[in-house]
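The values are calculated or read from the model by the stated rules, or taken from the named source; none is laboratory data. Please read all numbers here as calculations on a predicted model, not as lab measurements. A quick note on method: Cβ atoms are made from the backbone with ideal geometry, for glycine too, and the neighbour counts reach across all protein chains shown.
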Amino acid sequence: MQNAILNPRTIAVIGASRDKNSVGFGILKNLISGGVFHSEYCRPFQGKVYAVNPNADWILNIKCHPNIKNVNDEVDLAIICVPSKLVLQVIKDCIKKKVRAAIIISSGFAEDGEEGKKLQEKLLEAAKGKIRLIGPNCLGILTSKMNASFAPSMPPVGDVAFITQSGALADSIIDWAITEKYGLSTIISTGNQADMDTADFIELLSTDENTKVIALYVEGIDDGAKFMKIAERVNKTKPIVVLKAGRAENGLKAISSHTGKLATAYKTYEAAFKQCGIEIADSIEELFDIAKTLAKQKPCRGDIAIITNGGGVGVLCADYCQELGINVPEFEKSTIKKLDKTGLMHPAYSRRNPLDIIGDALPERYEAAINIILEEKHIGGLVVIQTLQTMTNPERNARVVIDAHHKYPDKPIICCFMGGENVRKGINLLEASNIPNFQDPKRVARAMQILIKRFEKTQ
Amino acid sequence: MKLLPTDKIISILAKNKIPIPKTKLVNSKKELFNAAKITGYPLFIKVNSPDLAHKTDIGAVKKVEKEEQLLEAYNQVIKNTRKKMPKARVKGVILQEVKFGKEVIIGVKKDPQFNHVLLFGLGGIFVEIFKDVSLRIVPVNEKDAEEMIKEIKGYQILKGARDEKEVNIEELKKIIVNVSKLVTANKNISEIDLNPVIVNQKEAVAADFKIMVE
């Protein structure tokens, strides 16, 4: 089933449309070109694409079939975007045609009152054991090989999979990912989860070679026990991060007991997530920060060091580390001696952790400091902070960090190259070498905390 | 959701090794003084009613220091209840030994997605104002119970801040695990509220208890 959904050979768009403003047109266009909004990451689907529309002959140079049954080929995946009332018949046709999975884009089901709910139940009943359903009421699926969705574009290819209960969120994340060069392996919009739910998709991605980390946006989980069982197992080898919506407890009914009042729905979710060992993110930004960090850096064994050319940012970072329970220990005397001996340190450098190597630090000083500190046995990970001074060289500093990372691959490095356009190239170099960079030392500290927790969990 | 009658709750708690202070149900004035001999003084007198969720607020609970005050307290709590909650069914009163120690809350709620979730926190005003609680999806084993206790910010208070001695954490753990076992075996329990559980160096007892079933 994994192949039919994530790596199909043939896809049929049922409800393909000539109307440029319709979803049925957008999906077909996305499949054959990668995206309606062109980006350098758009790739046409390399397998066969079939269009089904009884009223059209050709759309986008693809011949239309009146019904899926008329397609003279095996179809792995159907994408359905006909009005909700027609979906049941289309699914029955797909079953006859032995289509293995169907993405139902159409809305008008459980999200749309009693009628829709009944319709969704009928769908599920018809599909049971015969075809797997994604959706209904979803955006579709994107992988590095296909845009089987009506998302406007394709993101850069990377290691993070995103399973989302909000399709609209995925759309904007894709555009953001293009700007930020944030790599994604797969995006799955779960929709109403009539058949396949978040847990099923986690299972699906657990064996996907292109996915190293799974990021979740969750509004609700129907089968808590199933989710916990699958998430706990998969998280052991493939980290899972979750952002859960619905924290506010508005309109909570008067409840007689304290327990009833305190064990809110969100707190219960939080407990469940903690129990299966998955990370909980506080915001969209944090969700993708954590996912990127876990995808790009190894778990961190214990204490960390901070090297900075700006005292203030170093202190801020150390503050955040302390708040998150991260140890920023003193260096050995021998380490300070080694630093002194290089002759590259400023007379006023801090001689302690965080190591402030002073604003006039050139790449050579960064290099000496980074290598000496990473040599130290009790340091498990490193934060490198760079503020932009007149003599600062972000690109060369980035190369210094990258070289050191190659030399000490087991000690994770997170960077905080702060600034805008003038540090952009340095940051791009770091990110391209799998060293995450965050603009705010608070995000850096959180990333380090995640790597330390991962180390403790996987021991 | 239905609140179980007090006598039923007491027998469920006893069966599941969840200790409570010496407690006597009293149906009439006549039995009052004999019952008090069993609990001893000081004691709490509480109106026994399935319709009262928060007894203290309406004066349906009083602390009685000595025998001479007992009858007066009895009349008072009944009167208060009749006045403030005229529709409440009154099934006599409960006499209960007064225990001293720190207050914690141990409770369970049935969640539509995750089934029973167990809650632990510091009791009294701490739970109301700071909401300093930890939760786990049931089943909860001894290790989980220990984590739950250590997870709350108020753990330092239980451990004994300044010159105070540490409370009996082991006894708390036992109650948590036994509550978990109780709801695992009884799927129809929708809510349990042991609030407060009084814990001191020696023991932990559920001084007030509610069990709701579907």
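Numbers at a glance
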item: Considering residues of region B:121-133 that are within 8 Å of another protein chain (Cβ to nearest Cβ) and not acidic (D, E) only, the residue surrounded by the most Cβ atoms within 10 Å (Cβ to Cβ); result: B:G121
item: Which listed residue, of A:K261, A:K244, A:K298, A:K274, is among the basic types (K, R), touching a residue at least 60 places away in the same chain (Cβ under 8 Å) and either within 13 Å of chain B (Cβ to nearest Cβ) or in contact with a Pro (Cβ under 8 Å, 6 or more places away or on another chain) (or both); result: A:K298
item: Residue satisfying condition, being buried (at least 17 other Cβ atoms within 10 Å of the Cβ) and away from chain A (no Cβ under 11 Å), within set B:G92, B:G59; result: B:G92
item: Qualifying residue in region B:27-43 (condition: hydrophobic (A, V, I, L, M, F, W, C) and in a loop (DSSP other than H, G, I, E, B)); result: no
item: Test: residue in region B:135-157 that is within 20 Å of the chain's Cα centre (by Cα), within 27 Å of B:Y41 (Cβ to Cβ) and either assigned to a helix (DSSP H, G or I) or of a type in the set (D, E, K, R) (or both); result: no
item: Subset of region A:393-450 that is among the acidic types (D, E) and in a loop (DSSP other than H, G, I, E, B) - its residue that is surrounded by the fewest Cβ atoms within 10 Å (Cβ to Cβ); result: A:D410
item: Residues of region A:445-459 that turn out to be modelled with pLDDT of 95 or more and more than 18 Å from A:V213 (Cβ to Cβ), as a count; result: 1
item: Cross-chain or 6+ apart pairs with Cβ under 6 Å, region A:7-30 first and under 15 Å from A:K63 (Cβ atoms), then at pLDDT 95 or above and of a type in the set (S, T, Y); result: A:A12/A:Y50
item: Pick from region B:197-214, criterion of a type in the set (D, E, K, R) and within 22 Å of B:A53 (Cα to Cα), ranking: nearest to the other protein chains (Cβ to nearest Cβ); result: B:K210
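Okay, residues lined up against (1) in a helix (DSSP H, G or I); (2) within 14 Å of chain A (Cβ to nearest Cβ); (3) at pLDDT 95 or above:
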residue	(1), (2), (3)
B:R162	no, no, no
B:E171	yes, no, yes
B:N178	yes, no, yes
B:V183	yes, yes, yes
B:N195	no, yes, no
